[in-house]
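Colleague: Okay, here's the structure, questions in a sec.
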Amino acid sequence: MKLFWPIAAVTLSLIAPNSASAQSSRDQIRISGSSTVYPFSTLAAENFGRIGKFRTPIVESIGTGGGIKIFCSGVGPNFPDVANASRPITAAEQALCAQNGVTPITEVRFGYDGISIGVSAKTKPFPLTRRQIFQAIAAQVPVNGQVVPNPYVSWSDIDPSLPSYKISLYGPSPVHGTRDAFNELVMDNGCETFPEIKALPKDQQKKICHSFREDGGWTDVAEDYSLIVGKLTANPKATGVFTFSYIDQNRDKVVGLNIDGADPTFENIVSQKYPVSRPLFFYVKNAHLKMIPGIREFVTEFISEKAVGEDGYLTSKGLIPLPESELKSIRAQVLEKLK
C-alpha cells in the first residue's frame with residue numbers, strides 16, 4: 001500500500017466545466033476505471049448500498065488508463081472519487097493528479113487476479129509458453145538470428161507440437177490495465193528469452209517486445225471480455241486474453257490454457273506457481289472525504305474480511321485474496337490515512 005502526496009498544485013478553475021456545475025454537490029460515490037476490477041467493485045458497492053445508510057455507488061468500466069485520467073483531472077463533484085486499476089498508478093499519472101490538485105491520494109491493494117490465454121470450451125486446450133505467445137503475436141520476432149517481420153501463420157509453425165490452427169488472438173487494447181500487465185508478465189518475459197533482442201539497445205528492445213502484429217494475428221478489443229467470448233464462439237480455433245476471474249465465472253464458455261507448466265487455477269495463483277498473475281488496486285481521492293458522504297465507509301466495506309478475506313464474498317467473483325497478515329496491515333494503514 002502506497003500513499004502519494006502533493007508535488008505540485010494549480011487552480012482548478014481552468015478545468016471545471018462551469019462554476020455552477022463545479023459547485024453542485026452529490027450524495028452518491030462515483031467510481032471509474034478498470035474492467036477487471038469492475039465486477040469486484042460493483043459487488044462491494046451493491047452490498048454497501050444494501051446494508052448501510054448511504055446510496056449505492058455508481059461504478060463505471062472504462063479501463064484503468066481512462067479511469068485514472070478522469071480521476072486525476074480535478075477535485076470536486078464533477079470528478080470521480082475512486083479509480084479502479086488492474087496495475088499500479090504510473091509516475092506520469094501521479095504527475096497529472098498533482099498538476100490538477102488531486103493530492104493526496106491513497107492506494108489500496110485488495111487482492112490478486114491472473115491473466116489467462118483462453119479458448120472456447122468446445123476446443124481442446126493446448127499448453128503454451130510465454131516465449132511461444134510472444135512469437136505468435138509480436139510484430140517482429142527473431143528467426144535464424146535475425147529480427148524480422150513475424151512470419152508465423154499457425155501455432156504449429158512455431159512448434160510442431162502445437163495445433164495447426166491459424167494464429168488469431170483477441171486481447172485488451174492499450175486503454176486496459178490488463179494490456180500493461182500482459183506486456184510486463186508475458187511479452188517482456190517471452191522477449192527476454194531471445195539473445196538477439198537482448199543484444200539491442202534498451203529502447204529498441206522495448207519497442208520490439210511491446211509491438212503487436214497488425215496482420216490479423218492479434219486484434220485489439222477495447223470493449224469488455226464478452227466480445228472476445230463472441231469471437232471465440234464464432235471461431236473455436238481462435239484464442240483470447242482474459243482475466244482468471246472472468247474464466248472462473250464462465251467455464252461453460254471458455255477454458256484457460258496451461259502456461260509454462262501451470263494451469264490458471266485459484267490454488268496456482270495463490271501459491272504463485274502460475275506465472276501470469278498481478279495485484280489489483282483502487283485509488284481514493286482524499287480531498288473528497290469531507291465532500292462526498294460515505295467514502296471511508298465504502299472503503300471499509302471493500303477491504304473488510306467479509307468482502308476480500310479468504311472466504312469473502314468477492315472470491316465468488318474470482319478474486320484471489322491477499323495473505324491474512326498482509327490484508328490486516330493494509331486495512332489498518334488505509335483506514336488511518338482516510339480519517
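Colleague: Restricting the range 222-256 to residues that are in contact with a Leu (Cβ under 8 Å, 6 or more places away or on another chain) and within 13 Å of Leu169 (Cα to Cα), which is surrounded by the fewest Cβ atoms within 10 Å (Cβ to Cβ)?
Modeller: Here the answer is Ala238.
Colleague: Then there is this: Can you tell which of Arg296, Arg278 is of a type in the set (D, E, K, R) and closer than 24 Å to Ser120 by Cα?
Modeller: The match here is Arg278.
Colleague: In the range 280-287, is there at least one residue being part of a helix (DSSP H, G or I), buried (at least 16 other Cβ atoms within 10 Å of the Cβ) and at pLDDT 95 or above?
Modeller: For the range 280-287, residues part of a helix (DSSP H, G or I), buried (at least 16 other Cβ atoms within 10 Å of the Cβ) and at pLDDT 95 or above: present.
Colleague: Are any of the residues in the range 65-74 closer than 22 Å to Ala181 by Cα, of a type in the set (D, E, K, R) and open to solvent by less than 40 Å² (accessible area, probe 1.4 Å)?
Modeller: No - not one qualifying residue is present in the range 65-74.
Colleague: Scan the range 288-301 for residues that are open to solvent by 50 Å² or more (accessible area, probe 1.4 Å), touching a Gly at 6+ places or on another chain (Cβ under 9 Å) and assigned to a loop (DSSP other than H, G, I, E, B) and jot them down.
Modeller: Met291
Colleague: Search the range 287-298 for residues that are at positive phi and pair each with any residue that is buried (at least 21 other Cβ atoms within 10 Å of the Cβ) when their beta-carbon atoms are under 9 Å apart and the residues are at least 6 apart or on different chains.
Modeller: Pairs found: Gly294/Ile29; Gly294/Phe48; Gly294/Pro57.
Colleague: What pairs come out if I take residues in the range 302-331 that are open to solvent by 70 Å² or more (accessible area, probe 1.4 Å) and pair them with residues that are not in a helix (DSSP H, G or I) whose C-beta lies under 9 Å away, six or more apart or interchain?
Modeller: Glu305/Asp311; Glu305/Gly312; Lys306/Gly312; Glu310/Pro321; Asp311/Pro321; Glu324/Gly309; Glu324/Glu310
Colleague: When you scan the range 325-332, do you find a residue that is more than 21 Å from the chain's Cα centre (by Cα), farther than 30 Å from Gly190 by Cβ and in a loop (DSSP other than H, G, I, E, B), even just one?
Modeller: No.
Colleague: Please work out which one of (1) under 23 Å from Val255 (Cβ atoms); (2) within 27 Å of the chain's Cα centre (by Cα) is the condition Tyr165 fails and give its number.
Modeller: (2)
Colleague: I'd like the residue in the range 94-107 that is closer than 21 Å to Glu60 by Cα and open to solvent by less than 30 Å² (accessible area, probe 1.4 Å) and, out of all such residues, is farthest from the chain's Cα centre (by Cα).
Modeller: The selected residue is Val102.
Colleague: Could you check the range 146-174 and list, in sequence order, the residues that are within 29 Å of Ala83 (Cα to Cα), among the small types (Gly, Ala, Ser) and surrounded by fewer than 18 Cβ atoms within 10 Å (Cβ to Cβ)?
Modeller: Listed by number, the list holds a single entry, Ser173.
The values are calculated or read from the model by the stated rules, or taken from the named source; none is laboratory data. The model shown is predicted, which means the values in this text are computed figures rather than measured ones. Neighbour counts run over all protein chains shown; Cβ positions are idealised from the backbone, glycine included. With ligands, DNA and RNA removed, areas are computed over all heavy atoms of the protein, side chains included. Shrake-Rupley method; radii C 1.70, N 1.55, O 1.52, S 1.80 Å.
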